[in-house]
Amino acid sequence: MGVGENTADRVTTDTATVASEAATTLAVEDVTTLAVEEVTTLAADTVVYPIAPGYRVNVRRGPGTQYGLVRTLPYGMSVPVYCQKPGERVSGPYGTSNLWDNIANGQFVSDAYVKTGSDGYIAPRCD
């Protein structure tokens with residue numbers, strides 16, 4: 001093969017690779033969009049409360065900072081509050097509270113970082 005043919009073959013291969021990577025990126029974005037739409041649909045039946053603006057809040061396995069870290073919520077997140085449980089007293093942008101909000105199975109955040117509109121219980125007590 002001549003030099004020109006190798007270059008053309010390489011350009012064709014590179015173009016195919018770029019097209020394949022673009023398709024993969026689009027597929028991932030479509031899945032992400034679909035997941036967000038599904039969460040929004042699920043959330044339509046559930047009341048969610050905003051996390052304090054400018055805070056990334058740690059999610060714990062129980063009602064206190066001594067419990068293991070599950071994840072950290074991103075800025076601008078809203079969360080459901082399924083039940084609440086007393087625990088470690090924490091100070092945050094919405095005051096000081098010993099209430100912890102259960103936002104998912106085995107996942108708690110301090111109520112001092114969630115804008116519930118109340119200093120007391122807004123959900124049933126967790127068992």
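The values are calculated or read from the model by the stated rules, or taken from the named source; none is laboratory data. Since this is a predicted model, take the numbers as computed values, not measurements. Cβ placement follows ideal geometry from the backbone for every residue including glycine, while neighbour counts extend to all protein chains displayed. All accessible areas refer to the heavy atoms of the entire protein, side chains included, with ligands and DNA or RNA removed. Shrake-Rupley method; radii C 1.70, N 1.55, O 1.52, S 1.80 Å.
Where Lys and Arg each count +1 and Asp and Glu each count -1, what net charge lies around residue 116 among other residues with Cβ under 15 Å from its Cβ? After counting each charged neighbour, the total is 0. For residue 68, the shell of other residues with beta-carbons less than 9 Å away shows a net charge of +2, using +1 for Lys and Arg and -1 for Asp and Glu. In the context of the full set of protein chains, residues of segment 45-127 present 55 Å² of accessible surface per residue (probe radius 1.4 Å, heavy atoms only).
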